[in-house]
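Trainee: Can you read through this structure? Questions will come right after.
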Amino acid sequence: MKAFSYLFLQFKRIKTLFKNAVIVSLCFSLFILITAWAVTKKSNLTQGKYRFSVGVVGSNSNIFLKLGMSFLKTMDDTRYVLDIQEYKDEKEAEKNLEEGKISGYAVIPPEFFDSLYYFKNNSSIEVHVKSGLKGITGVVMEEVGNLASNIIIHTEAGLFTLMDFMEKNRVSYREQNYHVDNLFETYLKVLVRRSSISEVKELGSNTGLSFIAYYICAFLLLYSFLLTFVSLEYQTKSPLAFKKMVFVNGTGAFKQVLSEIIAVFVLNLVLYFIFVLFILIFFALGLFNIEEFGAHQAREFFVFTIKLIPALFLFTLAGFFIFEAVSGTIPKVMTAFVLIFGGAYVSGYFYPKNFLPLGMRAFGDALPTGVSFSYAVKVINGEGVFTAGKGFLENACGWFIVLYSVLFLLLTVGVRYSRLKGRQR
């Protein structure tokens, strides 16, 4: 059988699957888009900002605690980062921590302020977080716990040094009190105006993208990989006896695999743009607004999706290889499910990669899912994808897409050739 005849036959087979494939694609599209909209609709996330809720347990009758809470909530810049909840009872704070309403809480004992007042330092603040807490939340709570002690230690050292110096020089108690008060006031002024001596710049995710752009890239790539399930019925209902017959008649393993992949890719391409059409509708309704696309949101997004087609082709080849190499419908589904969602997780599709351990992050970057994500980020930022230098995996992600595509094609041909020769069932 001639190669073009075999390719035409594959398109006829794909045509019979088109209706079911579109239905499955629409279900995927609606689910992913509703999820994406729900994730990105909150203003704090779309602006790349998030406020962490923390609790403070202590008696509100203490004048120093009331003054400190008022200062943090109204004057200090931490009010833009931390949402501080006050509790009288530690059990209530512990319950809210278990329910996830707060990220952690600090317990300030009643004797803490007396300890400070008399320079005893025999009482401390207790910080409580969930066991195993990782990421930025744990870091924030650690900093909250260390903030008071660091300020107290350094300011007390300065005050004691000043008092010791004045006593050695026989300064009167009245002048000592005056200078100590002035130094304390200086410390307080520095603490209040520290925002003017440093600058905080919000960068969104570690890729340089805004959060909504980050997750649009992630969901678009995840959908592209999930399209591999569309070819499951196509490959499971393809009889090996017929393939062996056309193999004997001159249509080799490479021609067979290439023809079938082209047919599946064309189907995936149609389903991909159906998904893109849904997203464009969301743009038209004003539900999505990505700052990286500027004033012409829909047009720039459509151009971006066209440039993302090489990643779709890579995922088509990867999925085709999985279904070709694994025998049995259930093992095919389980293997594809684990590899797709496992690769997506370690590559930062669900959480920004900077939340993952360094080793897992490096592993995820090297996978096809990670290379494709780096490619999408480079494209949306208008950077080159075939460059070399520092961060070779990210800068040369275009080449890695080509290499992975060739690798999956050759592996699939090898598996098919082995089956046609009777070495696999």
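Trainee: Percentage of Cα-Cα pair distances in the range 302-425 greater than 24 Å, rounded to whole percent?
Mentor: 34 percent
Trainee: Long-range amide H contacts for Ser53: which residues qualify at under 5 Å (H placed 1.01 Å from N, peptide plane, sequence gap of 5 or more or a different chain)?
Mentor: Those lying under 5 Å, H to H, from Ser53 are Asp83, Ser103.
Trainee: Output the peptides 372-382, 221-231 sorted from most to least packed, where packing is the average of other Cβ atoms within 10 Å over each peptide's residues.
Mentor: Ranked from most to least packed, the peptides come out as 221-231, 372-382.
Trainee: Something else: At a 1.4 Å probe, what is the % contribution of carbon and sulfur to the accessible area of the range 242-291?
Mentor: Of all accessible area on the range 242-291, carbon and sulfur atoms account for 73 percent.
Trainee: Using the beta-carbon distance between Thr335 and Trp399 and R0 = 30 Å, what value does 1/(1 + (r/R0)^6) give for FRET efficiency, to the nearest 0.05?
Mentor: Rounded to the nearest 0.05, the efficiency is 0.65.
Trainee: Moving on to the next point. Less than 15 Å Cβ to Cβ from Val266, Lys/Arg counted +1 and Asp/Glu -1: what total charge do the surrounding residues give?
Mentor: Summing Lys and Arg as +1 and Asp and Glu as -1 gives +2.
Trainee: Answer rounded, prolate or oblate for the range 241-377, using the Cα gyration tensor with square roots of eigenvalues a ≥ b ≥ c: rounded when a/c is under 1.5, else prolate when a/b is larger than b/c, else oblate.
Mentor: Taking the square roots of the gyration eigenvalues as a ≥ b ≥ c, the range 241-377 is oblate.
Trainee: For the pair Thr16/Asn169, report the inter-label distance in nm, with labels modelled 7 Å from Cα in the Cβ direction.
Mentor: Placing both labels 7 Å along Cα→Cβ, they lie 9.9 nm apart.
Trainee: Just to confirm a number: summing +1 for Lys and Arg and -1 for Asp and Glu over residues other than Gln235 whose beta-carbon lies under 13 angstrom from that of Gln235, what do you get?
Mentor: +3
Trainee: Heavy-atom accessible area per residue, the range 290-425, 1.4 Å probe: how many Å²?
Mentor: 48 Å²
Trainee: Additional query: Applying 1/(1 + (r/R0)^6) with R0 = 56 Å to the Cβ-Cβ distance of Ala284 and Lys421, what FRET efficiency is obtained, to the nearest 0.05?
Mentor: Calculated value: 0.55.
Trainee: Given the range 241-354, what count of lysine pairs have C-alpha atoms under 28 Å apart, with each pair 8 or more places apart or on different chains?
Mentor: 7
Trainee: What is the extension gain from Asn249 to Phe31, computed as 0.36 nm multiplied by their sequence separation minus the C-alpha to C-alpha distance, in nm to one decimal?
Mentor: 74.0 nm
The values are calculated or read from the model by the stated rules, or taken from the named source; none is laboratory data. This is a predicted model, so every value here is computed, not measured. All Cβ positions, glycine included, derive from the backbone under ideal geometry; neighbour counts span all protein chains shown. What goes into the accessible areas is simple: the full protein's heavy atoms, side chains included, and nothing from ligands, DNA or RNA. Shrake-Rupley method; radii C 1.70, N 1.55, O 1.52, S 1.80 Å.
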